[in-house]
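Here is the structure we will look at, set down as structure tokens.
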């Protein structure tokens, strides 16, 4: 008599334990099979999940998973949920609303567990009877958009998050690049990542962070020249911000963000108060 149990961990590895119970003993024999999370370049992934291949998408935040089929895509994977049930699970991951927001995911294909990033908006063509009107995109390290031919920063951040390497990446960024990552986290409404890089003089930062959901769209433009002095501990960066706020409409403004760190080798942090003021 054999029983098979799977214990899934969304940290640095997935471990499956097979519990075999024999008539001669009440003691289970555990055999671990480890799937290591490994960043792989799009060139390699393109061969692992060729056109029409099936694989599983695992959402890092919720742990929920669904099956998909790759249908197209030359610079990233254009995929569709396999069944109506897979579509239901995917929409549940996005809180019941289709969205362009990027999410950190892991791709399980054969014996490969690959960090990736997906958005949740049906678009373009779709052909499977799955209740999903179109396809959605999954990006990997080295993927680019079809329109620009360039890597998408939002996807890049989510790939690193899925790989468990985002802290290492952000801790070494100069202030202007960290500010770009900060706006990406706002765009993706990822409050967990915002907390990692943001500071505030407001007493109730948690309450103010909830208001991020009121930002339906955000665009920003940073000055081209900065980050010249590696010894400074504080710098201000003016940013042209274009917000679309729920129930209020469009807001265009130039906000001055203060970037601070405790030493020349410490990571930078972003004072988020100017954005709070705009939302309020």
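Read the figures in this text as sums done on the coordinates, not as results from a lab. Note that the coordinates shown come from a computational prediction; the quantities given were computed from them, not determined experimentally. Every residue, glycine as well, gets a Cβ built from its backbone with ideal geometry; the counts of neighbours run over all protein chains shown.
Here are the numbers for the structure shown:
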| item | result |
| --- | --- |
| The chain, relative contact order [Cα under 8 Å, separation at least 6], % | 12 percent |
| Antiparallel bridge percentage (DSSP; both residues within the chain; nearest 5) | 95 percent |
| Cα long-axis angle, helix 153-163 against the chain (0 to 90 degrees, to the nearest 10) | 50 degrees |
| Inter-label distance for residue 165 and residue 221, nm, one decimal - labels placed 7 Å from Cα along Cα-to-Cβ | 3.3 nm |
| DSSP beta bridges in region 42-163 [antiparallel fraction, %, rounded to 5] | 100 percent |
| Computed lengthening from residue 245 to residue 72, 0.36 nm per intervening residue step minus Cα-Cα distance | 58.8 nm |
| Least to most buried among 68, 270, 232 (fewest other Cβ within 10 Å first) | 232, 270, 68 |
| Extended-chain gain in nm, criterion 0.36 nm per residue less alpha-carbon gap, residue 95 and residue 145 | 15.5 nm |
| Cα-based Rg of region 135-280 normalised by 2.2 N^0.38 Å, two decimals | 1.06 |
| Modelled FRET efficiency - R0 51 Å, residue 110 with residue 203, Cβ distances, 0.05 increments | 0.50 |
| Simple label model, 7 Å out from Cα along Cβ direction - residue 85 to residue 280, nm | 4.9 nm |
| Cα gyration tensor, region 60-118 - rounded (a/c under 1.5), prolate or oblate | rounded |
| Quarter of Cα convex hull surface for region 81-156, i.e. mean projection, nm² | 5.5 nm² |
| When the convex hull of its Cα atoms is projected in every direction, mean area for the chain (nm²) | 18.8 nm² |
| Helical contribution to [θ] at 222 nm, DSSP H n ≥ 4, -39,500 (n - 2.57), averaged over the chain, rounded to 500 | -6500 deg cm²/dmol |
| Nearest-0.05 FRET efficiency for residue 261 and residue 43, computed from C-beta distance (R0 41 Å) | 0.65 |
